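The structure under discussion appears below in the form of structure tokens.
Values in this text are rule-based calculations from the coordinates and carry no lab data. What you see is a predicted model, and the numbers here were worked out from it, not measured in a lab. Positions of Cβ are backbone-derived with ideal geometry, glycine not excepted, and every protein chain shown enters the neighbour counts.
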Amino acid sequence: MKNVHVAISNVSKTFGKAKVLDDISLEIPRGSFTTLLGPSGCGKTTLLRTLAGFYSVELGDIFIDDQRVNDVPSHLRNAIMVFQDYALFPHMNIRENITYGLRIRKMPQAEIGKRLERTIGYLDIGNLLDRTPGQISGGQQQRVALARALVMEPEVLLLDEPLSNLDAKLRISIRAELRQLQQRLKITTIYVTHDQAEALAMSDMIAVMKDGHIMQVGSPSDVYYHPNSTFVASFIGTVNFIRGVVRSVADDRIEVEVKNGGATIAVQEKPQGTDAGNAPRIGDNVTLAIRPESIKLLDKAAAGDDSQNFFNGKLIRSIFEGSSIRYWIDAFGAEILADVFDPGENIVREDIVRFTIEPGKVHIIIDRCESGIHGVA
Amino acid sequence: MKRRKHELSLTIAILFIVICLLGFVIYPIVEVFLFPKIGDFLSILKSERYMRTALNSLMMVILSTLSATTIGFLFAFTVARTNVPGRKIFKLISLLPLFSPPFMVAFSYIMMFGKNGLITAGIFGVKTNIFGWHGLWLAQTIAFFPVAFLVMEGVLQSISPMLEHAGRNLGATGFALFRTVTFPLARPGVAGAALLVAIQVLADFGNPIMISGSFSVLATEAWMRVEGWADIAGAAVLSIFLLVPSFAIFFFQRYWVNKRSYVTVTGKIAQMEIQKTGKAVKWTLFAICAFISVLILLVYVGLLVGAFVNGWGYDWSPTLRYFREISSRSKELIRSLSYSIVAGFSSALFSMVAAYLVSRKKFLMRRFVDFTCILPAALPGIFLGIGYSIGFTRPPVDMYGTAAIIVLSMIFWNISTGYQTGIGALQQISPSFNDAASNLGATSMRIFREIEIPLIKGPFFSSFIISFIRAVTTLSVIVFLSTSKNAVVTFSIMNLVSDGFYGKAAALTCVLLVISFGTLGIAKLLMGKQVQLFKV
């Protein structure tokens, strides 16, 4: 029995004619780090702001701790937000910025001091207190914005793409730090981002959004290895799509005949990966999703045939990326991507290459009129 | 060869600009300072009458600036930050005085609230005396609060709503949010707006000459010195008293207050819903804005009624005779129009060329040109008028009573608006456009013709319109330069009002308003959104 902290129930929202949120429902477990992930315009920020109380709820309900908060003003929800541009008050110094909310609550000075000390301890910003927001770097502003929220000891912490204004290296180090801090303080955190790598690295749970809908909810490995749609598969990471028809279904082995080229790919689908009622049947049109790193290049002479998922393809081109090499291979009537990690200096140059795919790493998506060769996030 | 030709024409343009600025901006200013002798300064400093006048000016600056800035802020807050109904209409009405002759408010309020006032005597049956500091205070408040409104509306709009949302999210609501976030962020803008208003109040000539009666201020006293005693030296000293604080405030505002603005610190402005205002606050703001809007509209109602009734205060029967009589003033009208068109166009052209040179070329006197083009904005019209009167009405340069002296004064009094518009526009045009065009093979002449001219056409046109309207409605600059041979309409209106011919004066003012608003309307129609007239 999971302990639901924030519940969103059938929430819709329109701006003018555009439907930004369309019947959204989501349950967020207490103490979890939940990410709303999606491309720009998918409604993730609107959903977050609605949770914060900046937007009114038009249709549906929002519950925090089983309390309906639709009409509770922002500051009484104790759902504190860290803004994308930090929204630090430029006319106050860092100390005044961090303690602003406590002073508004008329908290005794001694208590304010105690909380301030504790918070700056988490974030290592004690030396910045007397400066103004204009005098500190982007990364420091980010920490101050986080401190201003944490000092309130919020029920729910809302983060709106807080790392998007930082440079790549800083983003990765703050990412880890933020996750550690969240786990230590066990604050229910809702995080909005369009960066799938960030979502995978930080979250307990990811809700993938598109056009105002939630497409899939699951753990990072769930949405990565068992996407329920070509959109989710292509939005999170890079993937090869191969279209085919189901030819045989056994307990743990499904065989799919590729549409162009006639090869047969064996799939070993985990039972929880597909919905029971939605299991593939013989004759179904399906799309296979295969991650580039799941395709293994072999010696030309390696034994094995179709039934064991061994195939031949024609090498088109390759790119050296340091930790890996990406190959483009003409196979199954399409261009297939294959990533080889730790490649050393031996780049494959032959015309014909041989490769294999582990049946357990192929995922079946039942076609819903969606098409695409490979999506690159 | 071609290049050398280009360089030559550039040098000639720079020389022309520098010589004009030296001759028509710097020289008259210097003349005002050199004309009076030490004795003139001392006698004025010793005279109790002039000290009282200076104190009067100071008092009006404080009173009118406070009231105009307060009302301007309430308006700006209502328009930019609330959901009070009728915001667009309030904004439109509050902009009207910006495009009207500066003396108009005082003139109309004499008719509305004076001894025979349509409202005071006509409706409430009370005899009031509007002449004096209180009448001036009312007139200046209404005449100049739009300036404060425009500046502060811009400031409030550029405060990111995110900051207010953050404040609300952290617990601040209603007035606490206003006190801790919104107002502190707007404070530099409020200070800037107040200083701009102060300059206008200090330099105001049109309102006090009509409504202040025996309560004299520096600007009117300078005029009296010349008109009554032909004491140009005394007038020069008084106008120096006017210039020094005006100059100080202007540059303080420009280089100190503007630097303290928070506007640039906040990030991109996100589209956020404006939070609903509390009912009590909402309707209080509505009532205030509505009341002030009515006061503004009354100005125009007064003028219209005044122009169409036989005798103000005693014979309310309608008549068209004042408009028929205007034909006897057609000379002044034609002068007003033709001088202002020439002056507006020359001013816009001159300032655009200067702006182009300053922002795109490096040359020896660049900083001088930049400073001198902005300088006229700090000069009270009276001061420049006296400068021209001292500098250009006696040998070696005697333009006494000519059209040229009026037109020149109008041109150079207005260059700063056009210049700043031009600089702003050229800053928007990234030099990389030029690089791109020349990279694609365009010559510098073609770049100028095909890239830069089309991009500065809009700003040029706006500054032409603004200069034209300022020229056609100005009184303070031309009052010292007018004779029967070159008088323009504003000068006649002043004389008509002081002689008590309200009907004729009102009719002429109506014609001025038609010209001014008509020009605006046509400009909007022709250029649409390209024309930005609401910059201060």
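Applying 0.36 nm per residue to the separation of residue A:350 and residue A:10 and subtracting their alpha-carbon distance, the gain on full extension is 116.9 nm.
Given R₀ = 41 Å, FRET efficiency for residue A:129-residue A:70 by Cβ-Cβ distance, to 0.05? Provide the component values of the computation, followed by the final result.
Values: r = 38 Å, r/R0 = 0.92.
For residue A:129 and residue A:70, the calculated efficiency is 0.60.
For the range B:370-507, the share of alpha carbon pairs falling in successive 10 Å distance bins from zero is 11, 29, 26, 18, 11, 4, 1 percent. For the range A:118-218, the alpha carbon positions stretch 46, 28, 22 Å along the principal axes, listed from largest to smallest.
Averaged over the residues of peptide B:477-487, the number of Cβ atoms from other protein chains lying within 10 Å of each residue's Cβ is 0. Shown is the FRET efficiency for residue A:245 and residue A:117, computed with R0 = 60 Å from the Cβ-Cβ distance and rounded to the nearest 0.05: 0.35. The alpha-carbon atoms of the range A:1-123, seen along their principal axes, cover 46, 38, 26 angstrom, with the largest extent given first. Per residue, the convex hull spanned by the Cα atoms of chain A amounts to 171 cubic angstrom. Measuring nothing but alpha carbons in the range A:46-110 and taking Rh as the Kirkwood radius, the Rg to Rh ratio lands at 1.04.
Here the mean projected area of the convex hull built on the C-alpha positions of the protein assembly as shown is 52.1 nm². Spatial offset of the range B:338-377 relative to the range A:25-81 amounts to 55 Å, using the alpha carbon center of each.
If the cut-off is 20 Å between C-alpha atoms, which aspartates and glutamates fall inside it for residue A:17, apart from same-chain ones fewer than 8 positions away? Partners within reach: A:58, A:211, B:273.
Angle of helix A:94-104 to the longest C-alpha principal axis of chain A, folded into 0 to 90 degrees and rounded to 10: 70°.
Over chain B, dividing the summed -39,500 (n - 2.57) contributions of all DSSP H runs of at least 4 residues by the number of residues returns a 222 nm mean residue ellipticity of -22500 deg cm²/dmol. Panel order for A:253, B:335, by other beta carbons found within 10 Å of each beta carbon, from fewest to most: A:253, B:335. Of the beta bridges in the protein assembly as shown, as assigned by DSSP with both residues counted there, near 80 percent are antiparallel. Residue exposure proxy: B:497, A:69, ordered by other Cβ atoms within 10 angstrom of their Cβ from fewest to most, comes out as A:69, B:497. Volume per residue for the range B:282-421 equals 201 cubic angstrom (convex hull of Cα atoms). Working from label points 7 Å from Cα in the Cα-to-Cβ sense, the residue A:169 to residue A:323 distance is 1.6 nm. Over chain A, DSSP H runs of length four or greater, each weighted -39,500 (n - 2.57), average out per residue to a 222 nm ellipticity of -7000 deg cm²/dmol. Ordering B:465-471, B:379-385 by mean Cβ neighbour count within 10 Å, with the highest value first, yields B:379-385, B:465-471. Where in the range B:499-526 is the amide nitrogen less than 20 Å from a point lying 7 Å along the Cα-to-Cβ axis of residue B:328? Under cut-off, by backbone N: B:499-512.
Note that chain B shows a convex hull volume over its alpha carbon atoms of 174 Å³ per residue. Listed by Cβ neighbour count within 10 Å, with the fewest neighbours leading, B:319, B:11, B:141, B:182 appear as B:11, B:319, B:182, B:141.
Placing dummy labels 7 Å off each Cα toward the beta-carbon, the span from residue A:3 to residue B:366 is 6.7 nm. Computed from phi, the 3J(HN,Hα) profile of the range A:14-29 under the Karplus parametrisation 6.51, -1.76, 1.60 (θ = phi - 60°) reads 10, 10, x, 8, 6, 8, 8, 10, 10, 6, 8, 10, 7, 10, 10, x Hz, with x in place of Gly and Pro. Remark: mean inter-chain Cβ contacts per residue of A:76-85 equal 4, using a 10 Å Cβ-Cβ cutoff to other protein chain atoms. Out of every Cα-Cα pair that the range B:126-267 contains, those further apart than 18 angstrom amount to 67 percent. The Cα-based radius of gyration of the range A:19-58, divided by its Kirkwood radius, gives an Rg/Rh of 0.95. Roughly how far apart, in whole Å, are the Cα centres of the range A:316-355 and the range B:279-332? The range A:316-355 and the range B:279-332 have Cα centres spaced 84 Å from each other. Peptide B:183-195 has a mean of 1 when you count, residue by residue, the C-beta atoms of other protein chains within 10 Å of its C-beta. Relative to the longest principal axis of chain A, what angle (0 to 90°, nearest 10) does the C-alpha long axis of helix A:138-150 take? For helix A:138-150, the angle is close to 70 degrees.
Put simply, when B:201-213, A:188-200 are sorted by average Cβ atoms within 10 angstrom per residue, most first, you get B:201-213, A:188-200. Quick one: check the C-alpha center-to-center distance for the range B:467-520 versus the range B:183-212, whole angstrom. Value for the Cα centre distance between the two parts: 23 Å.
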